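Okay, structure first, notes after.
The values are calculated or read from the model by the stated rules, or taken from the named source; none is laboratory data. Quantities reported herein were computed from a predicted structural model and do not represent experimental measurements. FYI the Cβ positions are ideal-geometry reconstructions off the backbone, even for glycines, and counts take in every protein chain you see.
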Amino acid sequence: MSLSIDHVTKRFGQFNAVSDLTIQVPKGEMFGMLGANGAGKTTTFRMMLGLLEPSEGKITWDQKKIDYSRTSIIGYLPEERGLYPKLTVREQLLYLGRLKGMKKAEIISSMKDWLEKFKVPEYETKKIEELSKGNQQKIQFIAAVLHRPELIILDEPFSGLDPLNVDLLKKAVNELKNEGATIVFSSHRMEHVEELCEHLCIMHKGSPVVHGKLKEIKQDFGKKNVVIRADYSLDFLKDQPGVTKYESNPNGARIQVEGMEIAKTLFALITEKGFVERFEVEEPSLHDIFVEKVGTTYE
Ligand SMILES: Nc1ncnc2c1ncn2[C@@H]1O[C@H](COP(=O)(O)OP(=O)(O)OP(=O)(O)O)[C@@H](O)[C@H]1O
């Protein structure tokens, strides 16, 4: 069972919001959709949910088309948060849980459980309008997963949350994944995706520019970053063959190299020169990969 997006294009008039996107999300995995504003993430999600019809291609879950309005296997956190300000958290979740076919006792028990996880059990009787924006977002997340859906689609779930709440939410999505849910989420922040996902796609102007397994994407890229700390200038390494980027800083330098062999050469060169406090070879970041592929920075 998997979510399959097969050569999907979405046009609004002459404009391609999504162009020839093909993605497979295996069951039980966490998939990250990255992209700057307007890259096409929300449009892709709306098509996944059946809220928009692709202009070309098809999207299926377990080989069937999804109809969000008639199924409870999906949980969706939309980008535009939509809760009723005058209702209490309990009333709001009872209402939304019933729409998903849940019984009152189930809703109450699941709600208490989630409010406890988010460390806000006292919110049950508070009105939505009394909560801060970030806390309303937690309630909306609870609304999306209350009924334990198989497929969870979260549009920018981390945006607007403080670091503590980002951590609570990461814990929550990991827990849902460990229980078997398939999770797709979008983010502007590469580090969230690097930390949480096995598979990812970076969208740029409607097209997938980096796509696949995080580990393989990094391996295939080949290049590595060498981080060196030393109390003398490392500028002599700048023009070494195989050095593709050189950034010095007050404590040393961060150098992009073509591969491990070049890193070893740099190591030999600097140990000849003097004492090295730190020499570390790191995997390239998604940001490095994106910049290389698209020739521009992501933000
Ligand atoms: N209904 C629509 N009619 C016309 N253009 C649209 C429509 N919906 C989206 N677009 C355009 O499609 C492009 C992709 O939008 P989308 O909302 O999918 O991007 P996104 O990656 O989710 O961006 P953000 O991070 O800002 O939410 C944008 O240029 C947007 O203006």
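Some points to look at:
- Counting only residues that are assigned to a strand (DSSP E or B), free of Cβ contacts under 8 Å to residues at least 60 places away in the same chain and either of a type outside the set (K, R) or closer than 19 Å to K177 by Cα (or both), the range 3-22 holds 8 of them.
- Residue within the range 53-63 that is surrounded by 19 or more Cβ atoms within 10 Å (Cβ to Cβ) and under 19 Å from I152 (Cβ atoms) present: yes
- Strands (runs of 3 or more DSSP E) enclosed by the range 23-104 - at least 3 residues per element that are within 13 Å of the ligand (Cβ to nearest atom): 30-35
- If you go through the range 8-21 and keep only what is exposed (fewer than 14 other Cβ atoms within 10 Å of the Cβ) and either under 21 Å from Y68 (Cα atoms) or near the ligand (Cβ under 10 Å from one of its atoms) (or both), you end up with F12, G13, F15.
- Residue, nearest to V227 (Cα to Cα), within the range 241-292, restricted to residues that are out of contact with any helix residue (DSSP H, G or I) (no Cβ under 9 Å at 6 or more places or on another chain) and among the aromatic types (F, W, Y): F267
- Residues in the range 275-299 that are modelled with pLDDT of 85 or more, surrounded by fewer than 13 Cβ atoms within 10 Å (Cβ to Cβ) and of a type outside the set (D, E): F275, R278.
- Scan of the range 178-193 for residues that are more than 16 Å from the ligand (Cβ to nearest atom) and either surrounded by fewer than 17 Cβ atoms within 10 Å (Cβ to Cβ) or at pLDDT below 90 (or both), ordered by number: N178, E179, G180, E191
- Residue in the range 269-282 that is among the aliphatic types (A, V, I, L, M) and part of a strand (DSSP E or B) present: yes
- Residue list for the range 199-221, restricted to those being surrounded by fewer than 16 Cβ atoms within 10 Å (Cβ to Cβ) and in a loop (DSSP other than H, G, I, E, B): K205
- Residues that are of a type in the set (F, W, Y) and at pLDDT 90 or above occur at least once in the range 236-247.
- Look at (1) more than 16 Å from the ligand (Cβ to nearest atom); (2) surrounded by fewer than 18 Cβ atoms within 10 Å (Cβ to Cβ); (3) more than 24 Å from I59 (Cβ to Cβ); (4) without any contact (Cβ under 8 Å) to a residue 60 or more places away in the chain and you find that L237 fails only one, number (2).
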